[in-house]
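Derivation of every value follows stated rules applied to the coordinates shown; laboratory data play no part. Computed from a predicted structure; not experimentally measured. As a convention, Cβ positions derive from the backbone with ideal geometry for all residues, glycine included, and neighbour counts pool all protein chains shown.
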Amino acid sequence: MMSRILLLLIFALPALAQDAPWSTYRGNNRRTGNTDNVAGPAKPEVLWFSKSTEHYVASPVPSGTEILFPALGAFNSGVVNAIPLNPKDLKAVKPSWTKAAPLIKLPTVSSPAIADGKIIFGDGMHQTDGAVLYCLPADGGYLLWALTVPGRLVHLEGSPSISNGKVYFGGGAAGVMCVDLNTVLLDGKELSVKDVPALQVAHWKKLQAKYEEDKKKDPDFAIPPTENDLLKPSPKAIWTQGKTRWHVDAPLLVAGDKVLVASAFLDKEKEGERALFCLNAADGKELWKAPLTYNPWGGPTLAGDTVLVTGSTISYDPKEIDGAKGEIIALDLATGKEKWKKATPGGILGCAVATADAAVFTCTDGKLRSFDLKDGSRKIIYDAKGGFFSSPAVVGDIAYVADLKGIVHAVDLKTGAAKWTLDVGQDPVKMPGMNYGGITIHGGKLYLATCNLEGPFARQPTAVICIGAK
């Protein structure tokens, strides 16, 4: 019993090392998609679902009493919906609040990071140039700050990481940036972010007063204010690294005084560098570099002193799955030296998940695999018979993952057998869709959403879904 308790404590330590749950991609540095260690249901039931015309690429993120679903809206506009974890009306689930255009102008495929009552996320994707990093209060109130990052091939696709009051994020061709979470600049003055809400309220009152005045003068031409008219404080910049030399679309990982950065090489544009970089968190100086065979779209995962990096010959394009190849590599955190490396007959687009003794990941060949953390030997393999883009979520010995056919799988990591499966294209949802962002498990419930931009269900409705036990 004592050895089991020690094992559980060891397993929990990396997640607890973060400033707060969900302050980094997939909840913690092991990328488990869960932070409360409460497993999903033994028998799945759809508790609620919501039909949508938006497309969901990012992983959902719990925030207080809500769960955040970034999305691509009409004409590839950016949307963030905050849906109650426990909706009052299960038959008509509606967001508590929504942020969209004109405040957010570009597609939103970045999973937010949550810390200190703040929500941080970026916009933009590969088809767009220039992007914005946003900071909102957890209740969806007025903008706290925004950082505009201009430039060709600049987009904030990967989730930021927050550690010790600093926000670290990748910006495509903009490289990696670090800004102060709690210090802003406004009209040339340095302020605490705590001062911003009162300033925004006062500014909004002025905007409303002017609008009322304009209506009296000429109601046909009076334009009501929007959130885009609010003040635009910017965060205090600390450092930038890799600008125009790297291409960073993957989520970052902060481990104490180190920042792990996965950079890709764009074959078409012939730009970027395919490698994993380890930087000094204080100043961004490069500590080591590990060249990679394939592009690391899923970003790094950390298990103790072992860094896991996945790679793929293809990006998130269903048409290119045939013939895709992948790789997972384990590196030493201190030196970047290779511990082991394994090739896979399918691209690995999502990040790996680190359990106490294994690296768990999915491939575009439709298989979920578990490799031993020490030597990379295979532990189990599960054939879903449908390709995967998304990472699994893991609680205990169960991995939960959704495939490109819209089927959710709960897999026993001890035996490699399915505990259960659920097809969202069947009753009661009846809306098939591909999963890109992965499943998030919170409070014993599974949250996921679909994306039908391409593939077999293209142009069909999408869905936001909650699975649990009735």
- Whole-Hz ³J(HN,Hα) from phi, Karplus 6.51 cos²θ - 1.76 cosθ + 1.60, for the stretch 196-209, glycine and proline x: 5, x, 5, 5, 5, 4, 5, 5, 5, 4, 5, 4, 5, 5
- Residue order, fewest to most surrounding Cβ atoms within 10 angstrom, among 155, 409: 409, 155
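Looking at this model, which pairs from 285/341; 166/258; 118/206; 118/232; 105/194 are more than 20 angstrom apart at the alpha-carbon?
Where the Cα-Cα span goes over 20 Å, the pairs concerned are 285/341; 118/206; 105/194.
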- Item | Estimated inter-spin distance, residue 116 and residue 286, nm [label 7 Å along Cα→Cβ] | 3.1 nm
- When the distances between all Cα atoms of the stretch 60-291 are binned every 10 Å from zero, what whole-number percent does each bin get? 8, 30, 33, 20, 7, 2, 0
- Message: List the lysines whose Cα sits under 16 Å from the Cα of residue 367, skipping any in the same chain fewer than 8 residues away.
- Response: 325, 342, 379, 385, 405, 414, 419
- Of 462, 420, 329, which is farthest along the charge dipole of the chain in the positive direction, counting Lys and Arg as +1 and Asp and Glu as -1 at C-beta? 420
- Query: Check residue 47: other-chain or 5+ apart residues with amide H under 5 Å from its amide H, H built from backbone geometry?
  - Reply: 466, 467, 468
- Message: Quick check for you: which residues of the stretch 383-408 have the amide N under 16 Å from the point 7 Å beyond the Cα of residue 421 toward its beta carbon?
- Response: 383-389, 399-408
- C-alpha long axis of helix 2-16 to longest principal axis of the chain, angle in °: 30 degrees
- Message: Using Cβ contacts closer than 10 Å as the measure, can you line up 75, 277, 388 from fewest to most?
- Response: 75, 277, 388
- Dipole of the chain (Lys/Arg Cβ +1, Asp/Glu Cβ -1, origin at the Cα centre): which of 96, 449, 368 lies farthest to the positive side? 368
- Query: When 145, 22 are ordered from fewest to most other Cβ atoms inside 10 Å of their Cβ, what list results?
  - Reply: 22, 145
- Which value in deg cm²/dmol, rounded to the nearest 500, describes the helix-derived mean residue ellipticity at 222 nm for the chain, given -39,500 (n - 2.57) per DSSP H run of n ≥ 4 and division by the residue count? -2500 deg cm²/dmol
